[in-house]
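Each reported figure results from applying straightforward, stated rules to the coordinates on display, with no laboratory input. Just so it is clear, the model here is predicted, and its values are computed rather than measured. Positions of Cβ are backbone-derived with ideal geometry, glycine not excepted, and every protein chain shown enters the neighbour counts.
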Amino acid sequence: MLLNTLRCDGCGRGPKLIEWLRAEFTSDGYAEWRHPGRIFREAGIPLSYENKDRCARLFEALFGHPPPEEMAYLCPECQEWALRELPGLAALDKNPGPEDRTIHQQPYYG
Ligand SMILES: [Zn+2]
């Protein structure tokens, strides 16, 4: 049953009763619950293989934990949060990470 499997990838909550009722008794389903990839794309950061590490970092910065193996849904509140915060986080993430700043020191042969 959908109610048992639907979980927000961001905050981890399931549907509220009102959302569940609407999904069960109208044709809308969980129209307001959307795939995180659509939110990232709307924020200008499409999820792709090349930038999956970056997206994982951004996801973790947003929600405080790494993205699940298979992303499925974000609840409406998390979508709103992500769309508001992603542009700023993405701008910060353009700075080189620590791994890019590693200085390879030459061995010193005294
Ligand atoms: Zn959520």
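In table form, for the structure just shown:
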{"item": "Length gained when the stretch residue 50-residue 16 is fully extended (0.36 nm per residue, less Cα-Cα span)", "result": "8.7 nm"}
{"item": "Nitroxide proxy distance, nm - points 7 Å out along Cα→Cβ at residue 27 and residue 94", "result": "4.5"}
{"item": "Dipole-positive endmost among 51, 62, 36 within the stretch 17-91 (Cβ charges, Cα centre)", "result": "51"}
{"item": "Built amide H within the under 5 Å cut-off of residue 75, gap 5+", "result": "9, 10, 11"}
{"item": "Ranked list, fewest to most other Cβ atoms within 10 Å of each Cβ, for 63, 40", "result": "63, 40"}
{"item": "Stretch gain in nm, segment residue 77-residue 42, where the contour uses 0.36 nm per residue and the Cα spacing is subtracted", "result": "11.1 nm"}
